[in-house]
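A.B. asks: Please see the structure below; I have some questions.
Bear in mind these aren't lab numbers, they're just calculated from the coordinates by the rules spelled out. As the structure is a computational prediction, the values presented were derived from the model and not from experiment. Positions of Cβ are backbone-derived with ideal geometry, glycine not excepted, and every protein chain shown enters the neighbour counts.
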Amino acid sequence: MDAGDEMGAVPVVTTAEDWRPYGDWLGDVYGAIWEAREGRPVVLRAHDVYNPWIAPWTELGIEPECTAIWSGQSQAIRRAVEANGAVFVSFFDLFNGPDHEQDPRARGWIDTDGMHANEQGGAVAAGCTCGRRVRLE
């Protein structure tokens, strides 16, 4: 039995292009924010999502496929954020490393529920001062 069979089937890999409708929707959200602010300064920092499941996915033999899905989503979010004048911070890069192979659980950044950032992980995310920008229209 293939390790992926334990959870059913190996995941279908999606790409950033598959996530384009989500990115388009995000673009609409940012447009509404800029419009609501009527040209007043806006400080907006948006982020993608870290992956707390590297180790379990590796054990099941589905880590490459699942990480590819996460990567496509992250790319779509990044494109939408940057195309609409906001600042993008990659929690995926921050928590999982530049190659997305680091497990934030092993780094001690995930709470006992196995999913959410604990106090240390929250401090890492909050302390990321990656590119702040004020949008002036």
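A.B. asks: Residue by residue, what Karplus-based ³J(HN,Hα) values in Hz, rounded to whole numbers, does segment 80-97 have, using 6.51, -1.76 and 1.60 with θ = phi - 60° and x for Gly and Pro?
C.D. replies: So the J values, rounded to whole Hz, are 5, 5, 5, 5, 10, x, 9, 9, 9, 10, 8, 5, 4, 5, 5, 7, 9, x.
A.B. asks: Specify the residue with the greatest mean-square fluctuation among G114, G72, G23, computed from a Gaussian network of the chain linking alpha-carbon atoms under 10 Å apart.
C.D. replies: So, out of G114, G72, G23, the one fluctuating most is G114.
A.B. asks: Using 0.36 nm per residue of separation minus the Cα-Cα distance, give me the extension gain between D18 and D111 in nm, one decimal.
C.D. replies: Computed gain between D18 and D111 is 30.4 nm.
A.B. asks: For n ≥ 4 DSSP H runs only, could you compute -39500 (n - 2.57) per run for the chain, divide by its residues and tell me the 222 nm figure to the nearest 500?
C.D. replies: After summing the helix terms and dividing by residue count, I get -14000 deg cm²/dmol.
A.B. asks: Which one, I69, P104, A126, projects farthest toward the positive side of the charge dipole computed for the chain from Cβ point charges (K/R +1, D/E -1)?
C.D. replies: It is A126, whose Cα lies furthest towards the positive end.
A.B. asks: About its Cα centre, what dipole magnitude does segment 42-137 give when the only charges are +1 on Lys and Arg Cβ and -1 on Asp and Glu Cβ, stated in debye to the nearest 20?
C.D. replies: Roughly 580 debye for segment 42-137.
A.B. asks: Could I ask something else about it? Could you tell me the distance between the Cα centroids of segment 81-114 and segment 11-42, to the nearest Å?
C.D. replies: The two parts, judged by their Cα centres, are 19 Å apart.
A.B. asks: What GluC sites (Glu not before Pro) in segment 39-135 are in a loop by DSSP, with at most 16 other Cβ atoms within 10 Å of the Cβ?
C.D. replies: Hits after loop and neighbour filter: E101.
A.B. asks: Once amide H atoms are built 1.01 Å from N in the peptide plane, which residues 5 or more positions from V89, or in another chain, come under 5 Å H to H?
C.D. replies: For V89, the qualifying residues are A46, H47, D48.
A.B. asks: Note the full-extension length gain between V10 and T58 as 0.36 nm times their separation in residues minus their Cα-Cα distance, in nm to one decimal.
C.D. replies: Here the segment from V10 to T58 would lengthen by 16.1 nm.
A.B. asks: Looking only at V29, V81, V43, which one moves most when the chain is put into a Gaussian network model with springs between Cα atoms under 10 Å?
C.D. replies: Per the Cα network of the chain with a 10 Å cutoff, V43 tops the list.
A.B. asks: Further question on the same structure: Can you pull the Rg over Rh of the chain, Cα-only, Kirkwood?
C.D. replies: Ratio of gyration radius to Kirkwood radius: 1.04.
A.B. asks: Once phi is turned into ³J(HN,Hα) by the Karplus curve 6.51 cos²θ - 1.76 cosθ + 1.60 with θ = phi - 60°, what whole-Hz value does each residue of segment 44-50 show in order, with x for glycine and proline?
C.D. replies: For segment 44-50, the Karplus curve yields 9, 10, 10, 9, 8, 10, 6 Hz.
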